[in-house]
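S.K.: Take this structure first; my questions come after.
The values are calculated or read from the model by the stated rules, or taken from the named source; none is laboratory data. Predicted, not measured: the structure shown is a model, and the values here were computed from it. Cβ atoms come from the backbone with ideal geometry, glycine included; neighbour counts cover every protein chain shown.
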Amino acid sequence: MNTPKVAIVILNWNGIKYLRDFLPSVLASTYPNLDIVVGDNGSSDESLEFLRGRYPSIRIIENKENYGFTGGYNRVLAQVEADYYILLNSDVEVEPNWIQPVIELMEGDAQIAAAAPKIRSFHQKKFFEHAGAAGGFIDKFGYPFCRGRIFYEIEEDRGQYEQPGEIFWASGAAMFIKKHCWDLAGGFDETFFAHMEEIDLCWRLKNMGYKVMYCPQSQVYHVGGGTLNAENPFKTYLNFRNNLLLLKNNLPFWKALWVISLRFWMDLMALARFLMEGKRKDAWAISRAHQNFIRRLFKSKVKSLNPIAIGSKEYREVVSSRKAHHLTGTYSRSLVWDFFVGKKTKFTDLEKSDLH
């Protein structure tokens, strides 16, 4: 039996500190058929000199400029041949045997397109990390959350999420994906630039009949906020703008229309809260997000290097040919209401009957 070829692909932008700190753990990975690639997004620091001097065996693919998380990966992965890609953030520490369990899980089911390991916090190793935790879910209004993290409430890992299973989205901090599924879906929507692009990709894969899985037997540790911290208004802008794009890209037209209309009002409540807290830049970021989304509202195609993308004839044909959409990982209620009013702050507080 042949061992599938796996390529770990790290996208770097001025991240020499993270490369220095975390590449040793990546190089200690025990998977036998493995390539390690660093895609550089036009860095102006000494990242490339460091890599060439310290790690000459690592393949470097250079982008001419910073195309963001989405455009950067689209251009780099177009030059990488493997059976599986692992999209790995530069600020992630991995355990030696973190690859094999996920590949075995994915090899066991042709319908699995992508998968996520358990993601803990690098700085608080007993706790889950915000960007992925124990697998991603989404509520009826498009708010993403995780087992182990709802909004700003993060759980300690006490072994409560040790069963592998289907989820809605896999974190881009450490995403395993089959190459042919990446190609079929058309890669990332470059309109997103960064943030929620992995949810959009996973949703498109699910619409095409594929599954996304969580594998707790694999564990990594993520620093988080390495490029844009939580207090950055540009991150606020991307989160609000991209969440609306996510709904537009993936929901049926009429459902998208009423959900997005409600989201505009909910976003305006968040804008008012930012103003009350004196966070004027964040409030303005929400307003700019809405303006940008409206300008893009009638653009139907994903901006991607791959012609098989949402809005294209090829994509529609694939979706229409798949009778089963694997939309496991959805929450049929409003997470905002249940969290802030119902005080359901942990995943285990949510009613199982509302999780699908």
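S.K.: Suppose we filter F141, F137, F145 for residues that are aromatic (F, W, Y), within 19 Å of the chain's Cα centre (by Cα) and assigned to a loop (DSSP other than H, G, I, E, B); which single one remains?
M.R.: F141
S.K.: Then there is this: Considering only region 52-72, how many residues are basic (K, R), touching a strand residue (DSSP E or B) at 6+ places or on another chain (Cβ under 8 Å) and either modelled with pLDDT under 95 or part of a strand (DSSP E or B) (or both)? Outline the logic, then answer.
M.R.: Step one: list which residues in region 52-72 are basic (K, R), which gives 52, 54, 59, 64.
In the following step, the residues that additionally are touching a strand residue (DSSP E or B) at 6+ places or on another chain (Cβ under 8 Å) were identified as 52, 59.
With the extra rule that they be either modelled with pLDDT under 95 or part of a strand (DSSP E or B) (or both), the set shrinks to 59.
Qualifying residue count, region 52-72: 1.
S.K.: Considering every residue within region 184-205, establish whether at least one is crowded, with 24+ Cβ neighbours inside 10 Å and among the hydroxyl-bearing types (S, T, Y).
M.R.: no
S.K.: If you don't mind, there's one more thing I want to ask. Yes or no: I119 part of a strand (DSSP E or B), β-branched (V, I, T) and either in contact with a Gly (Cβ under 7 Å, 6 or more places away or on another chain) or closer than 22 Å to D35 by Cα (or both)?
M.R.: So I119 fits the description; yes.
S.K.: Looking at the structure I just gave you, is I60 surrounded by fewer than 17 Cβ atoms within 10 Å (Cβ to Cβ) and touching a Leu at 6+ places or on another chain (Cβ under 9 Å)?
M.R.: Spelling it out, I60 is indeed surrounded by fewer than 17 Cβ atoms within 10 Å (Cβ to Cβ) and touching a Leu at 6+ places or on another chain (Cβ under 9 Å).
S.K.: Within region 153-176, can one find any residue that is within 15 Å of M106 (Cβ to Cβ) and among the basic types (K, R)? Working first, answer last.
M.R.: Of all residues in region 153-176, those within 15 Å of M106 (Cβ to Cβ) come to 164-167, 170, 174-176.
With among the basic types (K, R) added as a condition, the list becomes none.
Within region 153-176 (the criterion being within 15 Å of M106 (Cβ to Cβ) and among the basic types (K, R)), the answer is no, since none of the residues qualifies.
S.K.: Scan region 1-25 residue by residue and report those that are in a helix (DSSP H, G or I), within 19 Å of E62 (Cβ to Cβ) and under 22 Å from the mean Cα position of the chain (by Cα).
M.R.: Of everything in region 1-25, those that are in a helix (DSSP H, G or I), within 19 Å of E62 (Cβ to Cβ) and under 22 Å from the mean Cα position of the chain (by Cα) turn out to be Y18, L19, L23.
S.K.: Right, something else. If only one of E49, E81 is exposed (fewer than 14 other Cβ atoms within 10 Å of the Cβ), on the phi < 0 side of the Ramachandran plot, in a helix (DSSP H, G or I) and not aromatic (F, W, Y), which one is it?
M.R.: The match here is E49.
S.K.: Let me ask you something else. In region 339-355, which residues are touching a residue at least 60 places away in the same chain (Cβ under 8 Å) and among the polar types (S, T, N, Q)?
M.R.: T345, T348
S.K.: What are the residues in region 110-153 that are of a type in the set (A, V, I, L, M) and surrounded by 20 or more Cβ atoms within 10 Å (Cβ to Cβ), if any?
M.R.: Of everything in region 110-153, those that are of a type in the set (A, V, I, L, M) and surrounded by 20 or more Cβ atoms within 10 Å (Cβ to Cβ) turn out to be I112, A113, A114, A115, A116, I119, A131, A133, A134, I138, I150.
S.K.: Output the helices (runs of 4 or more DSSP H) that fall wholly within region 241-356 and possess 3 or more residues being modelled with pLDDT under 90 and of a type in the set (D, E, K, R), or say none.
M.R.: The helices (runs of 4 or more DSSP H) meeting that bar are 313-321.
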